[in-house]
1. Given a cut-off of 16 Å, what percent of all Cα-Cα pairs of the stretch 107-173 lie beyond it?
2. At a 1.4 Å probe radius, which order do 114, 34, 381 fall into by accessible area, largest first?
3. So, in nm, how far is label residue 33 from label residue 151 when the simple model puts each one 7 Å beyond its Cα toward the Cβ?
4. Would you compute the Debye intensity of the chain from its alpha-carbon atoms alone, equal scatterers and no solvent, and pass along log10 I(q)/I(0) at q = 0.07 Å⁻¹ to two decimals?
5. Which distance in nm do the two modelled labels at residue 131 and residue 177 give, with both placed 7 Å along the Cα-to-Cβ direction?
6. Show me the ranking of peptides 200-212, 346-358 by mean Cβ neighbours inside 10 Å, starting with the highest.
7. Just from its helices, what would the mean residue ellipticity at 222 nm be for the chain, if runs of 4 or more DSSP H residues each count -39500 (n - 2.57) and the sum is divided by every residue, rounded to the nearest 500 deg cm²/dmol?
8. If amide H atoms are built 1.01 Å from N in the plane of the peptide, which residues on other chains or at least 5 residues away come under 5 Å of the amide H of residue 191?
Amino acid sequence: MPFSHEVGIVVFRIVISTLLLSIQLLLYLRAKKWLSQTLPDKHWVHRMVAGLFMVMNLAFLYVAIVRPRPNELSPLFMYLAAYPFFLWHATTLFIGIVVVLGLLIRLPFALTSWMLKMIRPVQEHLHRLKATTRFQEFDNGRRTFLRRSMYGLTAVSLGGSAYGMFVGKKEHEITEAIFPLRNLYPSLHGFTIALISDIHSSFNMMKEDMEEYVQIVNALGCDMILVTGDFVNSTTEEVYPFAEAFSNLKAPFGIYGVMGNHDFFAPEPEVVAREVDACGVRLLRNDKTLITKNGGSFYLLGVDDVGNPRRAEEKFSVALSNATLEVPKVLMVHRPYFLQQAAEKGFDLVLSGHTHGGQIVLANFGKIVIAPASLASRYVWGKYSIGNTQMYVNRGIGTVGLPIRLNCPPEITRITLVPQSIPVP
């Protein structure tokens, strides 16, 4: 793996860790201030809260630095330690985001107030105003409202985090998508593809979980199975439980995959690639294969994960070399960012993942997904198209960061190919 890629991974982890720890520090300082005002004599409560923040953040640093492997964590440890840890950080993250947004909204008003207080007559008037009974009643009511709002926010954050961890990330959904393709032989009408993505084998996606998904995918009885990357989360060893589970996938016209960005985050991505290939998921690494059924054919192409449009164009060109037949071209690429480049190269269908559908979705209005992932990509989940090039972005089955899914269940997509001349219902 190039040195610059390694540096990028380290910088990314440092930036994310710094942001999360900064939120923790902000919440601790606010909690300390609140306790000093409401429970000034309860020193044991102060020490307990300080200890809780310390333990949870030392655990965060341990996970971030050591990155424990799946086989090192027992189910008992997960329930007694790991899940409470993730619940804490999910809850405090949601609270922290709201608090930061509140501070940003309040900032211009606070600055205006500070500047007005520099004017002596205004300062004297404010002192007289604060001494009135009406102002004190208003101020007490405001404080009561804010305190109760914080209680409500904490309850909602904790409840939502618990739901997303224990229910949301387990309730999978099978979606159907039909794609009419130019030059598709009539004999390939109804060819089916099971699309699965972003497994993230780790202590949040154990072998037993993956085996259940393998059974679900096999039960669909599709002609072909495609896995669009992120087999592991961040360590090389995570590929072994993946390989054991996914070796049981079965499809008459093959099982294919491509490498995702997290597969390259592993210290030995070539070992990950080797084990994925060996378990029966044939990797297309800037390559192609011709799929033939009943005399009809289409090209299936796949490229390694890419991070910028120029590299995408280069790898698309390599994969397309000598693809001379006038048949449809179906491309697997982990990130969905490069639909424009794929359209310029003449691909008929692009299949991607990477975004997890947002993973934590605050709201969904048609194609508009209100989620952190929307900041990185305009293509978050579902169908998109440019000209004659269509794309489907799969929500994936795993999680990254916090093991939580809200308004965004894991997805397996059953794709059906039909000739463009046949109307799609």
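The values are calculated or read from the model by the stated rules, or taken from the named source; none is laboratory data. Just so you know, these numbers come straight off a predicted model, no measurement behind them. Positions of Cβ are generated from backbone atoms using ideal geometry, with glycine treated the same way; all protein chains shown enter the neighbour counts. For accessibility, only protein heavy atoms count, side chains too; no ligands or nucleic acids. Shrake-Rupley method; radii C 1.70, N 1.55, O 1.52, S 1.80 Å.
1. For the stretch 107-173, the share of Cα pairs beyond 16 Å comes to 70 percent.
2. 114, 34, 381
3. 2.1 nm
4. After summing over all Cα pairs, the log10 values are -0.43.
5. So the label points at residue 131 and residue 177 sit 6.9 nm apart.
6. Most protected by this proxy first, the peptides run 346-358, 200-212.
7. -15000 deg cm²/dmol
8. Those lying under 5 Å, H to H, from residue 191 are 417.
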